[in-house]
Amino acid sequence: KNLIIAVFSFFCFILFLRCSKEEDKGPVPETLKDVRTIADFGSVKFLWPELDTTSILYTQIEYINDNGKSMVEKFSTFNDTAVISNLNAREYEFYISQVTHTGIASDKSIVKATPFAPPYQLVSKTVVGQPTFGGVKFSWSNPSLQTVAINISYQNDEGQQVRSLSSSSLKDSDVISGLSKGKTAFIVLVKDGSGNSAPLPEFELRGNPVLG
């Protein structure tokens, strides 16, 4: 009987110490409420009301990316906005919490949002190649107005060529000259700043010769 009392007392003591440590870390921070989202091209912006942040170290946003990987993004306590990028045009579920300097996290707010398609995907769907005076002209549209890289690979009499340019205009184009006689195969790749890319089907075009 004395052994049972001793074991019970020991567990009560451990529980007391654990509770004391939790109290030493301070109270659980306030849950973020009224979180708003703004969809953008390949990203989502989060906004929340200004709160008392004296004990908050950072705001944390968790979600599952398109590869099924659990992602955690941390943002400074001095911000009342945050942006998550590298997203696709589908619904995401975000879990937002505040974390104190002592490591205590608030309850999570759950927010759902669907961004627009990322710029590199939008641009890749608009690329058109056609013969023009002295070569081949490639044109495209970019409704996001965000910068993307256009890489055009082809081969001429001097060997393999790669033409690279950046574009952020609503409508843009580029003319490639100095082509070999006959048809030329072009491979166009549209990329964003994070390295995400959208390859296109191969273009096989013959440039119009320069007269004279």
Residue satisfying all of: in segment 149-193; β-branched (Val, Ile, Thr) and open to solvent by less than 50 Å² (accessible area, probe 1.4 Å); farthest from residue 86 (Cα to Cα) among these: 184
Can you say whether residue 106 is surrounded by 17 or more Cβ atoms within 10 Å (Cβ to Cβ) and under 30 Å from residue 187 (Cα atoms), as far as the supplied structure shows? no
Residue 67 fails exactly one of (1) outside any strand (DSSP E or B); (2) open to solvent by 100 Å² or more (accessible area, probe 1.4 Å); (3) within 14 Å of residue 98 (Cβ to Cβ), namely (3)
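Taking the condition part of a loop (DSSP other than H, G, I, E, B) and closer than 23 Å to residue 205 by Cα, does residue 132 pass?
So residue 132 fails the test.
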Scanning segment 71-100 residue by residue, those of a type in the set (Val, Ile, Thr), at pLDDT 90 or above and over 13 Å from the mean Cα position of the chain (by Cα) turn out to be 96, 99
Any pair with Cβ under 7 angstrom, 6 or more apart, that starts in segment 93-105 at a residue that is part of a loop (DSSP other than H, G, I, E, B) and ends at one that is surrounded by 15 or more Cβ atoms within 10 Å (Cβ to Cβ) and among the small types (Gly, Ala, Ser): 101/55
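With the condition kept exactly as written, say whether any residue in segment 73-88 is under 28 Å from residue 201 (Cβ atoms), of a type outside the set (Val, Ile, Thr) and open to solvent by less than 10 Å² (accessible area, probe 1.4 Å).
yes
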For the subset of segment 111-138 comprising residues that are among the aromatic types (Phe, Trp, Tyr) and under 23 Å from residue 82 (Cβ atoms), which member is least open to solvent (accessible area, probe 1.4 Å)? 120
Among the polar types (S, T, N, Q), open to solvent by less than 30 Å² (accessible area, probe 1.4 Å) and touching a Phe, Trp or Tyr at 6+ places or on another chain (Cβ under 7 Å): is that true of residue 144 in this structure? yes
In segment 51-70, is there at least one residue being touching a Pro at 6+ places or on another chain (Cβ under 8 Å), of a type in the set (Phe, Trp, Tyr), at pLDDT 80 or above and under 30 Å from residue 90 (Cα atoms)? no
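The values are calculated or read from the model by the stated rules, or taken from the named source; none is laboratory data. Only a predicted model underlies this, so the values are computations on that prediction, with no experimental measurement involved. Reconstructed Cβ throughout: ideal geometry from the backbone, glycine too, with neighbour counts over all protein chains shown. When the accessible area is computed, the model is the full protein with side chains, heavy atoms only, and any ligands, DNA or RNA have been set aside. Shrake-Rupley method; radii C 1.70, N 1.55, O 1.52, S 1.80 Å.
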